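Working notes, beginning with the structure itself.
The values are calculated or read from the model by the stated rules, or taken from the named source; none is laboratory data. In this text the structure is predicted, and so the values were computed from the model without any measurement. Positions of Cβ are backbone-derived with ideal geometry, glycine not excepted, and every protein chain shown enters the neighbour counts. Please note that ligands, DNA and RNA were not included when accessible areas were found on the heavy atoms of the full protein model with its side chains. Shrake-Rupley method; radii C 1.70, N 1.55, O 1.52, S 1.80 Å.
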Amino acid sequence: MADAPRAEGPRPTRTVPARAADREELAEAVEWYARMVLARRFEDEAERQFRRGRIGGYLHLYSGQEAVAAGFLSVLRDDDIFFTGYRDHAHALFRGASPGAVMAELFGKTTGLAKGKGGSMHLFDVARGFYGGYGIVGGHIPLATGAAYALRYRGTDRVCLCFLGDGAMNSGAFHEPLNMAGLWGREGLCPIVYIVENNQYAMGTSVERSSAVTDLASRFAAYAIEAERADGMDFLGVRRLAQRVVARVRESGRPYAVEMLTYRFAGHGAADLFQPYRTKEEVAQARQRDPILLLEQRLRSAGLLDDAAVRRIHDEAEREVLEAVRFAENSPAPPPEELYTDVYGGPW
């Protein structure tokens, strides 16, 4: 049964400045266009491998939301850190993890990012500042908030990003750390950016049906945390917003929040095949603002991409992803004794 009447696709921004992109900005975006193409192709292949029974556990795809993570991670310093939920493959790839290591983790192989112990929902790459990948909705918010406090308590100017879904805002794990962040922020001791990836649905329930207040950015005011809402489908707009917000948080040590209006093209998870909560027409309409196509159009208009360049980027993504699958297939499974490493086994 279709869900109740609701907003049609991503809602328009009210905060992203409408200025013309300069040549240098667009030139840098070419590299991120290629990364977004790779992430999309990776997700398509991950779904295919899941259907073939190669991937155990569960699988949540990021297709449609790429501009959000790409825009924010493109402005982080190497020593900054970030946390996210279970829809985490693209975040790892954007931060520089190899597609082979990510695919191997999905396959449960010892060459994976977490030695095959975490799978799709628990990617982890400390060397790149990526502290997960968490399967419990909202469970990472207290961890990210505490990590942000630790960064400033130790006297650094590093920042922490915390990506979370719209559904996570209704969990108890959201409210207690946000209150602490608001308090710590008074003293400049919580340099964190909460990035709400509002893809319009908490699993199969629309925001209109799951949240009493649908202007999610406004809810941060309860904890004295400034927030704004913006279009999450426009990479250049997200990147400009991220540059401004991350610089502000790094300088002040005060938390800040953004609600990014985006849309996931795939179902919630691998078992969400029929998506009875939305219509095919709604998804088709949202795809008209595919973040990869929007960026491609901007780059073509600027003369920085043509048919040949686009074809090379897609061919390279295809090659990298297929190589990642071969790497995962040929990697060894963890030995049984691996169950006893990297876990706490001491007295309580």
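If you scan region 120-135, which residues turn out to be open to solvent by less than 10 Å² (accessible area, probe 1.4 Å) and either assigned to a loop (DSSP other than H, G, I, E, B) or among the small types (Gly, Ala, Ser) (or both)?
Those that are open to solvent by less than 10 Å² (accessible area, probe 1.4 Å) and either assigned to a loop (DSSP other than H, G, I, E, B) or among the small types (Gly, Ala, Ser) (or both): 120, 123, 129, 132, 133.
Would you pick out the residues in region 257-276 that are open to solvent by less than 20 Å² (accessible area, probe 1.4 Å) and over 17 Å from the mean Cα position of the chain (by Cα)?
Result: 270, single match.
Specify the residue that is farthest from residue 56 (Cα to Cα); the eligible residues are those in region 334-348 that are part of a helix (DSSP H, G or I) and charged (D, E, K, R).
Ranking the candidates gives 337 first.
Anything in region 32-46 that is touching a Ser or Thr at 6+ places or on another chain (Cβ under 9 Å) and open to solvent by 10 Å² or more (accessible area, probe 1.4 Å)? List them, or say none.
32, 35, 40, 44
Anything in region 282-295 that is open to solvent by 20 Å² or more (accessible area, probe 1.4 Å) and in contact with an Asp or Glu (Cβ under 9 Å, 6 or more places away or on another chain)? List them, or say none.
282, 285, 289, 294
Within region 63-121, count every residue that is of a type in the set (Lys, Arg) and touching a Pro at 6+ places or on another chain (Cβ under 9 Å).
Result for region 63-121: 3.
Output yes when any residue across region 162-178 is open to solvent by less than 50 Å² (accessible area, probe 1.4 Å), more than 20 Å from residue 260 (Cα to Cα) and not in a helix (DSSP H, G or I), and no when none is.
The answer is no, given that none of the residues of region 162-178 is open to solvent by less than 50 Å² (accessible area, probe 1.4 Å), more than 20 Å from residue 260 (Cα to Cα) and not in a helix (DSSP H, G or I).
Can you pull out every residue in region 232-248 that is surrounded by 21 or more Cβ atoms within 10 Å (Cβ to Cβ) and under 22 Å from residue 142 (Cβ atoms)?
Answer for region 232-248, where residues must be surrounded by 21 or more Cβ atoms within 10 Å (Cβ to Cβ) and under 22 Å from residue 142 (Cβ atoms): just 245.
Tell me whether region 136-148 contains one or more residues that are assigned to a loop (DSSP other than H, G, I, E, B), farther than 20 Å from residue 198 by Cβ and open to solvent by 30 Å² or more (accessible area, probe 1.4 Å).
no
Cβ-Cβ under 7 Å, sequence separation 6+ or interchain: first residue in region 46-65 and within 15 Å of residue 104 (Cα to Cα) and part of a helix (DSSP H, G or I), partner open to solvent by less than 50 Å² (accessible area, probe 1.4 Å) and modelled with pLDDT under 95. Which pairs?
50/270
Being under 17 Å from residue 164 (Cα atoms), surrounded by fewer than 20 Cβ atoms within 10 Å (Cβ to Cβ) and modelled with pLDDT of 95 or more is the requirement here; does residue 251 meet it?
Values: under 17 Å from residue 164 (Cα atoms): no; surrounded by fewer than 20 Cβ atoms within 10 Å (Cβ to Cβ): yes; modelled with pLDDT of 95 or more: yes.
Taking the combined requirement at face value, the residue does not satisfy it.
Could you list, in sequence order, the residues of region 237-274 that are assigned to a helix (DSSP H, G or I) and farther than 18 Å from residue 74 by Cβ? Spell out how you get there, then give the answer.
Quick first cut of region 237-274, residues assigned to a helix (DSSP H, G or I) only: 237-252.
Correct list: 251, 252.
Specify the residue that is nearest to residue 247 (Cα to Cα); the eligible residues are those in region 185-231 that are open to solvent by 30 Å² or more (accessible area, probe 1.4 Å) and in contact with a Ser or Thr (Cβ under 8 Å, 6 or more places away or on another chain).
Restricting to residues being open to solvent by 30 Å² or more (accessible area, probe 1.4 Å) and in contact with a Ser or Thr (Cβ under 8 Å, 6 or more places away or on another chain), the top hit is 227.
List the pairs whose first member sits in region 93-117 and is open to solvent by less than 10 Å² (accessible area, probe 1.4 Å), whose second member is among the polar types (S, T, N, Q), and whose Cβ atoms are under 6 Å apart, counting only residues at least 6 apart or on separate chains?
Pairs that qualify, where the first residue is open to solvent by less than 10 Å² (accessible area, probe 1.4 Å) and the partner is among the polar types (S, T, N, Q), are 104/111; 104/331; 106/120.
Give region 144-201 a look and list any residue that's basic (Lys, Arg) and touching a strand residue (DSSP E or B) at 6+ places or on another chain (Cβ under 9 Å), or say none.
Hit for region 144-201 is 158, nothing else.
Take the residues in region 296-333 that are among the small types (Gly, Ala, Ser) and assigned to a helix (DSSP H, G or I), then tell me which one is most open to solvent (accessible area, probe 1.4 Å).
The residue in question is 301.
Any residue in region 300-327 that is charged (D, E, K, R) sitting within a Cβ distance under 8 Å of a residue that is assigned to a loop (DSSP other than H, G, I, E, B) and loosely packed, with under 15 Cβ neighbours inside 10 Å? List the pairs, counting only those 6 or more apart or interchain.
Correct list of pairs: 300/306.
Those residues that are within 27 Å of residue 287 (Cα to Cα) and in contact (Cβ under 8 Å) with a residue 60 or more places away in the chain, I need them from region 167-202; list them, please.
Answer for region 167-202, where residues must be within 27 Å of residue 287 (Cα to Cα) and in contact (Cβ under 8 Å) with a residue 60 or more places away in the chain: 168, 194, 195, 196, 197, 198, 199, 200, 201.
Going residue by residue through region 65-75, is there one that turns out to be under 21 Å from residue 127 (Cβ atoms), surrounded by fewer than 22 Cβ atoms within 10 Å (Cβ to Cβ) and either in contact with a Leu (Cβ under 9 Å, 6 or more places away or on another chain) or not basic (Lys, Arg) (or both)?
yes
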